[in-house]
Amino acid sequence: METAIAQLKEKRLLAPRALDAIPAPRIAPLIRSTGYYNQKAIKLKNFLAWFAGYRYSFARLHGVDTERLRRELLAVSGIGPETADSILLYALGRKLFVVDAYTVRLLGRLGIIGGGESYHDVQGLFHRRFRGGVGEYNEFHALIVNHGKYVCRTRPRCAECCLSRRCLAYHQQGADAAHAVAG
């Protein structure tokens, strides 16, 4: 992501108007490092077309109800709940928890969710139980992402995990290992 941002910055394309003024095929090579860059360039153009309706003004967005903005963002081709909520939380300071693969993996391993819950259900769990403000939502999500990238990975590093005492997956892994040795 950092490489793509640096490329856009070098070409003076970080301003929404400037980026919207060029076609997706010219954006794609600049964001190549993000993977799926051709599709992402199109999705970015779709978002910018929506943002143009607000004259590329964050100030105009601040005056709009969160639910309305979320509905509008979800109607943009290529924007799903995670992206919409990321925009609302990180760019606009709205109190919405972002649910991503790291969140689902961590909560599943801790036994807090079973794994079949919808995005809305997992987000609702946070909204009901976590009393923090926008800053805390932002930080908590960032901590989950960091933990998921470096510790609670697809192949977890349980020995490094500060949550292992509470983790059902860790205890199950220990039981499975004990059965394998005994068997």
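Give me the extension gain from THR66 to ASN146: residue separation times 0.36 nm, minus the current Cα-Cα distance, reported in nm with one decimal. Before the final figure, lay out the partial values.
Details: separation 80, 0.36 × 80 = 28.80 nm, distance 2.69 nm.
Going from the current span to full extension adds 26.1 nm.
Which FRET efficiency, nearest 0.05, do LEU168 and ARG17 yield, Cβ-Cβ r, R0 41 Å? Don't skip to the answer; put the middle values down first.
Values: r = 50 Å, r/R0 = 1.22.
Efficiency computed from Cβ-Cβ geometry: 0.25.
Please report the net charge: other residues with Cβ closer than 14 Å to the Cβ of ARG155, K and R +1, D and E -1.
On the way: positive: ARG105, ARG109, LYS149, ARG153, ARG157; negative: GLU160.
That works out to +4.
Calculate the dipole size of the chain relative to its Cα centre from +1 charges on Lys and Arg beta carbons and -1 charges on Asp and Glu beta carbons; express the result in debye to the nearest 20. Write down the numbers at each step before the final one.
Values: 27 positive and 15 negative charges, 84 e Å.
Once rounded to the nearest 20, the dipole reads 400 debye.
Quick check: from the Cα gyration tensor, does the stretch 1-54 come out rounded (a/c under 1.5), prolate or oblate? Please list the in-between numbers first.
Numbers: a/c = 1.95, a/b = 1.33, b/c = 1.47.
Cα axes put the stretch 1-54 in the oblate bin.
If you take every residue apart from LEU48 with its C-beta less than 14 Å away from the C-beta of LEU48, what net charge results, scoring Lys and Arg +1 and Asp and Glu -1?
Numbers: positive: ARG17, ARG26, LYS40, LYS43, LYS45, ARG55; negative: ASP20, GLU72.
Every neighbour counted, the sum reads +4.
Under 21 Å from the Cα of LYS9, which lysines turn up, not counting those fewer than eight places away in the same chain?
Within reach: LYS40, LYS43, LYS45.
Which is the longest run of the chain containing none of the chymotrypsin sites (Phe, Trp or Tyr not before Pro) found in DSSP loop states (not H, G, I, E, B) with at most 14 other C-beta atoms within 10 Å? All intermediate terms of the calculation are to be shown ahead of the outcome.
Numbers: sites that count: TYR36, PHE130.
Value returned for the longest uninterrupted segment is 37-129.
Roughly speaking, what is the stretch gain from GLN7 to LEU92, that is 0.36 nm per residue apart minus the C-alpha to C-alpha distance, in nm to one decimal?
Values: separation 85, 0.36 × 85 = 30.60 nm, distance 2.42 nm.
Value of the extension gain: 28.2 nm.
For GLY135, what charge total do you get from the other residues with a beta carbon under 15 Å from its beta carbon, if Lys and Arg give +1 and Asp and Glu give -1?
Once positives and negatives cancel, what remains is +1.
Give the order of ILE27, ILE113 when sorted by the count of other beta carbons within 10 angstrom, beginning with the fewest. Write out the running numbers ahead of the final one.
Numbers: ILE27 24, ILE113 16.
The most exposed by this proxy come first: ILE113, ILE27.
Since every read-out is calculated from the coordinates, none of them should be taken as a lab result. All values derive from a computational prediction rather than experimental measurement. All Cβ positions, glycine included, derive from the backbone under ideal geometry; neighbour counts span all protein chains shown.
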